[in-house]
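One structure is given below, encoded as structure tokens.
The values are calculated or read from the model by the stated rules, or taken from the named source; none is laboratory data. Everything quoted here is computed from the prediction, not taken from an experiment. All Cβ positions, even for glycine, are placed from backbone atoms using ideal geometry, and neighbour counts span all protein chains on display. Just so you know, the surface numbers come from the protein's heavy atoms only, side chains and all, with ligands and any DNA or RNA stripped out. Shrake-Rupley method; radii C 1.70, N 1.55, O 1.52, S 1.80 Å.
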Amino acid sequence: MKVTTTPLHKSFSIQLRVIDALLRREVLTRYGRDNIGFLWLFVEPMIFIVGMTALFAYRGLFISGIPVIPFLVTGYSSVLMWRNAANRCSKAIVPNISLLYHRNVTVLDLFLARIVLEIAGASMALIVISAFLIAMGYMALPVDILTMVQGWFLLAFFATGLGLIVGALTEMSDGFERIWQIITLVTFPISGAFFMVEWLPKSAQEMALWVPMIHGVELMREGYYGAVVKAHYNIPYLVVVNCIMLLAGLVLVYKAKDNVGSE
Amino acid sequence: MIQLLNVNKYYHTKQGARHILKYINLTIEPGQKVGILGRNGAGKSTLIRVIGGIENVNTGTVNRTMSVSWPLAFIGGFQASLTGLDNLRFICRIYNADIEKAIPFVEDFTELGVYFREEVKTYSAGMRARLAFALSMAIEFDCYLIDEVMAVGDTRFHDKCKYELFEKRKERGLILVSHQPGQIREHCNVFYVLHDGYLKRFDDVDQAYAYYTEQG
């Protein structure tokens, strides 16, 4: 085994610096200088929300007795965050492999920079779109912002673990990329973006609560709507799942590193 | 100092594990100029990556108390959609170097003119090579890694590179890896031959070269 002589606190500050550098590089390449790419960050979810709202317009913009617009905003931005974090990590090493020639840059840094960027992007989209819709009078102010933040934070934590796992597995096996695309399709409708657990029959409720993302989305909606909705969630469950996924992600990234070297 | 003690490195291929580096022992003192001769496929690139700390080893120990550069004039690390200046900023951030101090040096050394603030994808091969070399000189290392003979740009630029590396930084360490003895003979004082994953030390370049051709 290699003996590393760099002390831990120094490694940590190097890693933060490298992730910061990668992040700035990523922002420039992804969003460019002309700001059109940056605008797309808000335009894409807006198109979805406007489109879906149009579908609901005939029933008076309500779904099961609650306003549909904030329902879509909270649901879609949640999916967007973990889905984009994972998609951006998928096959993320190959285009960046030459950066690994700089000793300070590790595979983990490449993934973390992309995950942080996606989480920041999704958060910004949520805030900007909500503020816009609230200002225009299409949405009321949230009842309890802190609970929303808590749900969002737990979903971001989930996105981090998921991103690392998907990033590492796509690096280790070419087939996994396709499998992941199928998983995304399947999990999109069951991730809680389009329903609340309360609306499901009792037997389905129990099954739905196995899906970790649902707990985060339910929390967000309880925070937004307050006592008008009955949210189902188990915070310790989501935290435990998140921790297991993060750990699994880190182990897989460590294993994937060996794959990378042989190019 | 960089020290490799009984280092072994394997790659996993579909035909099973391939033993790339075999029981390598190598010590590089500060300021030493090390030349490593090896044919294509002898494991040179792997050895460079192990020395540079880019790759972990399977068995054995690597101790590193000097900073080692990335392979010099390595062009692959550019983001083509970023400008030369952006790429410089990125490198400086990674190595915690002063960006403002590096800008005039790189601008002057590369002679890129207005292109310095244009996207790298608009650069010619020579311009990229100039930027790559200047970036590696913008960061100070204890030991510079050179993979293959430098054939950067025209003669005038080549001379500038040589001055920057062999004159201005002559007290620094150097690891020159090549399949030709020319530059190794010119710049190094310790010689190794890497053959079939084994590393053998020579005190004399002619002995090293004789062994190298013998193994051919």
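In segment B:69-91, what residues are at pLDDT below 90 and either over 12 Å from the mean Cα position of the chain (by Cα) or more than 7 Å from every other protein chain (Cβ to nearest Cβ) (or both)? Matches in segment B:69-91: B:SER69, B:LEU72, B:ALA73, B:ILE75, B:GLY76, B:GLY77, B:PHE78, B:GLN79, B:ALA80, B:SER81, B:LEU82.
Does segment B:122-137 include one or more residues that are within 16 Å of B:ARG169 (Cα to Cα) and within 14 Å of chain A (Cβ to nearest Cβ)?
Yes, segment B:122-137 contains a residue that is within 16 Å of B:ARG169 (Cα to Cα) and within 14 Å of chain A (Cβ to nearest Cβ).
So that you can scan it fast, the table gives a plain yes or no per residue for (1) within 14 Å of another protein chain (Cβ to nearest Cβ); (2) crowded, with 22+ Cβ neighbours inside 10 Å; (3) in contact with a helix residue (DSSP H, G or I) (Cβ under 6 Å, 6 or more places away or on another chain):
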| position | (1), (2), (3) |
| --- | --- |
| A:THR6 | yes, no, no |
| A:VAL27 | yes, no, no |
| A:VAL43 | no, no, no |
| A:ALA54 | no, no, no |
| A:TRP82 | no, yes, yes |
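Considering (1) within 14 Å of chain A (Cβ to nearest Cβ); (2) closer than 24 Å to B:ASP206 by Cα; (3) open to solvent by 50 Å² or more (accessible area, probe 1.4 Å), the lone condition that B:ASN40 does not fulfil carries the number (1).
Residues that are open to solvent by 30 Å² or more (accessible area, probe 1.4 Å) and in a loop (DSSP other than H, G, I, E, B) within segment A:182-235 comprise A:PHE194, A:PHE195, A:LEU200, A:PRO201, A:LEU209, A:TRP210, A:LYS230, A:HIS232, A:TYR233, A:ASN234, listed in sequence order. Within segment B:120-134, the residues that satisfy the criterion of being loosely packed, with under 15 Cβ neighbours inside 10 Å and of a type outside the set (Val, Ile, Thr) are B:LYS121, B:SER124, B:ALA125, B:GLY126.
Taking the conditions (1) touching a Leu at 6+ places or on another chain (Cβ under 6 Å); (2) closer than 30 Å to B:ILE146 by Cβ; (3) modelled with pLDDT under 90 in turn, A:ALA113 satisfies each one other than (3).
Are any residues in segment A:55-88 β-branched (Val, Ile, Thr), in contact (Cβ under 8 Å) with a residue 24 or more places away in the chain and assigned to a helix (DSSP H, G or I), and if so, which ones? Break it down into steps so the answer makes sense when it comes.
Applying the first criterion (β-branched (Val, Ile, Thr)) to segment A:55-88 yields A:63, A:66, A:68-69, A:73-74, A:79.
This time we only want the ones that are in contact (Cβ under 8 Å) with a residue 24 or more places away in the chain, so: A:66, A:69, A:73-74, A:79.
Residues satisfying the conditions are A:ILE69, A:VAL73, A:THR74, A:VAL79.
If you check every pair at least six apart or on different chains, which have Cβ atoms under 8 Å apart with a residue in segment A:6-33 that is over 19 Å from A:ASN96 (Cα atoms) first and a residue that is of a type in the set (A, V, I, L, M, F, W, C) second? Filtered contacts from segment A:6-33: A:THR6/A:ILE14.
Checked against the criteria, B:VAL106 does not count as in contact with a Cys (Cβ under 8 Å, 6 or more places away or on another chain), more than 8 Å from every other protein chain (Cβ to nearest Cβ) and open to solvent by less than 10 Å² (accessible area, probe 1.4 Å).
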